[in-house]
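Comments concern the structure below.
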Amino acid sequence: MSGTSAALQPPADAVKPVRHPDAPVPGELLGAHYEQCFGCGGGQPHGLHLAARAGEGVTVTAEFTVRPAHQGAPGLAHGGVLTSALDETLGSLNWLLRTIAVTGRLETDFVRPVPVGTTLHLEAEVTAVAGRKIYSTATGRIGGPDGPVAVRADALFVEVEVEHFVHHGREEEIQAAMSDPDQVRRVRAFEVNP
């Protein structure tokens, strides 16, 4: 990324990320981490409905199609929506680490416009881990997975305990998620959020 801030540069003592042994296998569809998530949940009519897949190492790929509800300028995706797609894709990486983490910082470069009707092909990778800090990068391409870059981002996620959500979220949603009998869905509900 051009001009990435010092806050997104891993420190000298950062280590290479390690994929958790129980992480989804490469190619596996990750599915929504929470039904009401704007990024990946099916319960949001104007959400991105982003579909992410586990990749090799600590990488994911994802896709979403820009719909009319995602416009900023006439016929073009809103920059905030594109940033949300990058954030959701980057946050999905934490499932490969089996870590609950929140976005601490996200810097986005907008390289070219993304028209309504376009499928954005996203790829993200964890580049380093330093204590509770997880450093990652992502790109979004148009015209196919090898097409020209339209957006890119660097991010810093910070590992948190589930209490972060309990203390800051809406109690009824927190209780519903924590009461889910499906253990994987219960854990994944707290996978990605600021």
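The values are calculated or read from the model by the stated rules, or taken from the named source; none is laboratory data. Bear in mind that the values here come from a model prediction, so they are computed numbers and not experimental data. Here the Cβ positions follow ideal geometry from the backbone for every residue, glycine too, while neighbour counts run over all protein chains shown. For accessibility, only protein heavy atoms count, side chains too; no ligands or nucleic acids. Shrake-Rupley method; radii C 1.70, N 1.55, O 1.52, S 1.80 Å.
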Study note, to complete from the structure: For the range 26-79, the accessible surface attributable to carbon and sulfur atoms (probe 1.4 angstrom, ligands and nucleic acids excluded) amounts in percent to 57
Study note, to complete from the structure: Ordering 52-63, 19-30 by per-residue average of other C-beta atoms within 10 angstrom, highest first, gives 52-63, 19-30
Exercise for review: Report the paramagnetic label zone for residue 51: residues of the range 125-163 whose backbone N is under 20 Å from a point 7 Å from Cα along the Cα-to-Cβ axis.
Suggested key: 139-147
Revision key, fill the gap. Whole-Å distance linking the alpha carbon centroid of the range 30-69 with that of the range 84-149 is 11
Exercise for review: For an R0 of 30 angstrom, estimate the FRET efficiency from the Cβ-Cβ distance between residue 110 and residue 18 and round to the nearest 0.05.
Suggested key: 0.40
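What is the local net charge at residue 120, summed over the other residues whose Cβ is closer than 10 Å to its Cβ (Lys, Arg +1; Asp, Glu -1)? Working shown, then result.
On the way: positive: 141; negative: 63.
Cβ neighbours under 10 Å give a net charge of 0.
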Review point. Which one of 79, 65, 52 has its Cα pushed farthest toward the positive end of the charge dipole of the range 1-139, where Lys and Arg give +1 and Asp and Glu give -1 at the Cβ?
Key: 79
Study note, to complete from the structure: Karplus-derived 3J(HN,Hα) from phi for the range 77-82 (6.51 cos²θ - 1.76 cosθ + 1.60, θ = phi - 60°), whole Hz, x at Gly and Pro, runs 4, 6, x, x, 5, 5
Point to revise | Prolate/oblate/rounded call for the range 36-75, Cα gyration tensor, a/c under 1.5 rounded | key: oblate
Study note, to complete from the structure: Rounded to whole Å², per residue accessible area for the range 80-159 with a 1.4 Å probe reads 36
Practice item. Using only the C-alpha atoms of the range 1-142, find the volume of their convex hull and express it per residue in Å³. Key: 106
